1. Can you work out ³J(HN,Hα) from phi for every residue in region 254-270, in order, using Karplus 6.51 cos²θ - 1.76 cosθ + 1.60 and θ = phi - 60°, giving whole Hz and x for Gly and Pro?
2. Quick one, could you list the DSSP H helices from the chain stretching 20 Å or more along their long axis (Cα atoms) with average Kyte-Doolittle hydropathy of -0.5 or above?
3. Between Lys295 and Ala28, what FRET efficiency follows from the Cβ-Cβ distance if R0 is 45 Å, with the result rounded to 0.05?
4. So how far apart, in nm, are the two label points at Gln244 and Lys105 if each is 7 Å from Cα heading toward Cβ?
5. Based on the alpha carbon coordinates of region 5-346, what radius of gyration and maximum Cα-Cα distance (Dmax) apply, in Å?
6. Remind me, relative contact order of the chain in percent, using alpha carbon pairs under 8 angstrom and six or more residues apart?
7. Return, ordered by residue number, the residues of region 105-120 whose backbone nitrogen is under 18 Å from a label point located 7 Å along Cα→Cβ of Gln210.
8. What FRET efficiency would be calculated for the residue pair Ile147, Ala167, taking the C-beta separation as r and a Förster radius of 22 Å, to the nearest 0.05?
Amino acid sequence: MELPVIDLSSYLSAVSNDRDPRLQSLCADVSRTLSETGALLVKDPRCTVEDNDRFIDMMENYFSAPHEFKIRQERPHLHYQVGVTPERVEVPRSLVDEEMQEKVKEMPEEHRPHVPVGADLKWRYFWRIGDRPSNTKFQELNAEPVIPEGFPEWKETMDSWGYKMTAAIEVVAEMAAIGFGLPKDAFTSLMKLGPHLLAPTGSDLEKYGQVGTVFAGYHYDLNFLTIHGRSRFPGLNIWLRNGQKVEVKVPVGCLLIQTGKQIEWLTGGDCIAGMHEVVATNRTIDAINAAKEQKRSLWRVSSTLFAHIASDAVLKPLGRFAESPLAKKYPPMCAGEYVEQELSVINLKGKK
């Protein structure tokens, strides 16, 4: 199945007239696709190929630095929510969630994820995007960023790409709200001052470049919506709501958006957090061989951003979703409390 591509240009150019029937139809496409598949490809004229390349170039240079240098940016006492997370620290949900493991066993073999045998082999860097609240009960989730030495372009590159991807998420959130019959700002008002994280990952394909190697085990995202720029190496598999496994192919100039657990909460289960994994495939090996011939970096960098609901905002089904029979599965809870619960399960609470 090919995921649909939604061009955001028409909405951006007519944002003051969001009751235009054509825009209403486009917004309905966004909400329906997020509900039915949990994933969406978008094209945002503000997010260029050059922006993505500049970001990936810098992150390739960072991840290829010596281990001793990178761990200086490690902040385990802050849940690893800023700075670097080394490989073999993040634990995929499927490794510790017995209910999820049982569901995996029941899947048809062709749609079954790879079974992780330990913590993820990827590195990650968390960089806060946007303003943080001056008063919050969740200080650790709103900590100051960490800047590595020797990268004078770091802050500007991270902020530029991060703000552009956040802006794309905000447009999709508005369009989804309209499509769901909610107020236009139903989601974006809750995102204000959220602990949004630009969270590129780095996987060493020279060290781990064998077919079947799991870089990020089967899991869902705990945030609101996740957005990915195009990686230089394939390997991302996602699962649609119907259980179908799809190897993602992001067209040049496009961005992939996936539903997280917070939008599942806000829609009372109308949207479901999308499952995904990153695994070395035959297409990954082909890309590795091409990179070797061209003497390019063998670090697989994901250009990923996690958009969050504000930590002190309350997660609960909104509008008509509050009347859903499933609404009772989603009791009111502060978003920050929910995030801390999830982090405690996947062993990011500060001890390695």
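1. Using θ = phi - 60°, the values come out as 10, 10, 9, 10, 10, 7, x, 5, 5, 6, 4, 4, 5, 9, x, x, 5 Hz.
2. Helix filter hits for the chain: 21-37, 154-179.
3. 0.40
4. Placing both labels 7 Å beyond Cα along the Cβ direction yields 2.8 nm.
5. When restricted to the Cα atoms of region 5-346, Rg and Dmax are 19.2, 58 Å.
6. 24 percent
7. 114-120
8. Here the calculated transfer efficiency is 0.45.
The values are calculated or read from the model by the stated rules, or taken from the named source; none is laboratory data. Keep in mind that this is a model prediction, so the values were computed, not measured. Reconstructed Cβ throughout: ideal geometry from the backbone, glycine too, with neighbour counts over all protein chains shown. Quick note on the areas: whole protein, heavy atoms, side chains included, nothing else; ligands and nucleic acids left out. Shrake-Rupley method; radii C 1.70, N 1.55, O 1.52, S 1.80 Å.
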